[in-house]
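The values are calculated or read from the model by the stated rules, or taken from the named source; none is laboratory data. Just so we're clear, the structure is a prediction, and the values are computed from it rather than from any experiment. As a convention, Cβ positions derive from the backbone with ideal geometry for all residues, glycine included, and neighbour counts pool all protein chains shown.
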């Protein structure tokens, strides 16, 4: 929980479920409490897979609707990949990821 750079996650904020159906049930019984979950699975030595399960209820913030892809899913995916890498290399080095996002697709103008 201390690997979240600059913002340790308190253990009281972390929940554990046996399967995805129980997560769905918790999401339905606790609307607007959590944007999603991540499921890790160690397939075999050195290979860890994961899946992101989202609670994609639309939330309006400051007059705009929040894009859950950029505000939650992408950061969670990057955190999962960082922690898998840290686990596989034994946590002996500090991993720093630099990320950027652009809400508008890059446009290429071609003159003919």
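Keeping to the range 1-49, report how many residues are without any contact (Cβ under 8 Å) to a residue 40 or more places away in the chain, part of a strand (DSSP E or B) and in contact with a strand residue (DSSP E or B) (Cβ under 9 Å, 6 or more places away or on another chain).
6
Can you tell me which condition residue 75 does not meet? The list is (1) in a loop (DSSP other than H, G, I, E, B); (2) modelled with pLDDT of 65 or more; (3) loosely packed, with under 14 Cβ neighbours inside 10 Å, and all the others hold.
Checking residue 75 against (1) in a loop (DSSP other than H, G, I, E, B); (2) modelled with pLDDT of 65 or more; (3) loosely packed, with under 14 Cβ neighbours inside 10 Å, the one that fails is (1).
Looking only at the range 50-65, count how many residues are surrounded by 11 or more Cβ atoms within 10 Å (Cβ to Cβ) and either part of a strand (DSSP E or B) or modelled with pLDDT of 80 or more (or both).
5
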